[in-house]
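Inspection log for the structure reproduced underneath, given as structure tokens.
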Amino acid sequence: MKRNKNKITVAIDSPAAAGAGTQAKLIAKEYNLFYLDTGKIYRHIGYLTLKRKNINYTKIKYNISKLKIIDLKKKKLLTDKVARSASIIAKDKKIRDIVKNFQLQCAYYPPSKFNGSILDGRDITSVLMKNAMFKFYITASLETRAKRRYLEYKKLKKKISFKNVLKSLKNRDKLDKNRKFSPLVKTKDSILINTTKLSKKACFEKIKAIMDKKLNFNGNI
Ligand code: C5P
């Protein structure tokens, strides 16, 4: 299959609960892009390895070869326990290599009905889609992120205190930013979007203005 250079490619990196997923979904809808939340793949593996002492790479490789987008929509992936497990297995280079191909397929060979793709995660701008047409680093203060995640958990009826949500996010930030392979960084060519004081709408409008300017200029839309 040939890679279509005219397709729109959007790469987003962000620390946990900064609002990247919300923005990615809005962008995907606006420009008809295929969306992949790469964190869900790590959560999927984090879930599979929850009760395991040793990681069975062969089994994980097989599981990922059969992975369908619908598998990533399961509610069981949304717990804090699974998020923490995901952060731990995400440090492992072997695991990252196993999921790379699935992500690249989504990034560069999305189903033809889409105008392109949008991926969010921790290493999208720095590793996976280095040459993306648009690169954003979305962030927000730790307090704000913890408040947002706490409210999400409340809506999902998950029993977790605000203090523990904050602690868990802080710990994941530390793990994700300081690991050896594919740490979370803001690349020089990524546009910084700080959502601490921005509403979802204001944030989206900011991103849309940036994208429209370039797309109109290039004659893509
Ligand atoms: O985005 P989300 O919080 O669901 O991601 C769960 C975990 O998966 C992150 O804390 C991170 O350790 C890992 N991850 C990653 N690389 C990505 C996406 C997620 O290492 N591209």
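The values are calculated or read from the model by the stated rules, or taken from the named source; none is laboratory data. Quantities reported herein were computed from a predicted structural model and do not represent experimental measurements. Note that we place each Cβ from the backbone using ideal geometry, even for glycine, and neighbour counts take in every protein chain shown. Areas reflect the complete protein model, heavy atoms only, side chains present, ligands, DNA and RNA absent. Shrake-Rupley method; radii C 1.70, N 1.55, O 1.52, S 1.80 Å.
Need one word for the stretch 88-173: rounded, prolate or oblate. Basis is the Cα gyration tensor (sqrt eigenvalues a ≥ b ≥ c); a/c below 1.5 gives rounded, then a/b vs b/c decides. Numbers along the way, then the final one.
Values: a/c = 2.15, a/b = 1.81, b/c = 1.19.
In terms of gyration-tensor shape, prolate.
Listed here are the pairs 29/61; 74/154; 25/159; 167/206; 61/93; which of them are more than 20 Å apart at the Cα?
29/61; 25/159; 167/206
With the full set of protein chains in place, find how many percent of the accessible area of the chain is carbon and sulfur; take the probe as 1.4 Å. Each step should come with its number before you reach the end.
Numbers: 6860 of 12680 Å².
That share works out to 54 percent.
What share of all Cα pairs of the stretch 1-41, in percent, falls into each consecutive 5 Å distance bin?
Distribution as computed: 5, 20, 28, 22, 15, 7, 3 percent.
Taking +1 at the Cβ of each Lys and Arg and -1 at the Cβ of each Asp and Glu, which of 39, 14, 124 sits farthest along the dipole of the chain towards its positive end, judged by Cα position relative to the Cα centre?
Projecting each Cα onto the dipole axis, the largest value belongs to 39.
From the square roots a ≥ b ≥ c of the eigenvalues of the alpha-carbon gyration tensor of the stretch 172-211, which class results: rounded (a/c under 1.5), prolate (a/b over b/c), or oblate? Present the calculation step by step, with values, prior to reporting the outcome.
Numbers: a/c = 4.06, a/b = 1.95, b/c = 2.08.
Note, shape of the stretch 172-211 comes out oblate.
Given that compact globular proteins tend to follow 2.2 N^0.38 Å, what is the ratio of the alpha-carbon Rg of the stretch 8-206 to that value?
On the way: Rg = 16.1 Å, N = 199, 2.2 N^0.38 = 16.4 Å.
That works out to 0.98 for the stretch 8-206.
Determine the distance separating the Cα centre of the stretch 168-221 from the Cα centre of the stretch 92-164; give it in Å without decimals.
10 Å
Counting only heavy atoms of the protein chains, get the accessible area per residue of the chain (1.4 Å probe) and round it to a whole Å² value.
Details: 12680 Å² over 221 residues.
Dividing the accessible area of the chain by its residue count gives 57 Å².
Using protein chains only and a probe of 1.4 angstrom, how many square angstrom of residue 143 are accessible, to the nearest 10?
100 Å²
Please give the charge dipole size of the chain, origin at the Cα centre, charges +1 on K and R Cβ atoms and -1 on D and E Cβ atoms. Round to the nearest 20 debye. Intermediate results must be reported in sequence, preceding the final value.
Working: 56 positive and 16 negative charges, 199 e Å.
In total the dipole reaches around 960 debye.
Over the residues of the stretch 132-208, compute the C-alpha Rg and express it relative to 2.2 N^0.38 Å.
Details: Rg = 14.5 Å, N = 77, 2.2 N^0.38 = 11.5 Å.
This ratio for the stretch 132-208 stands at 1.26.
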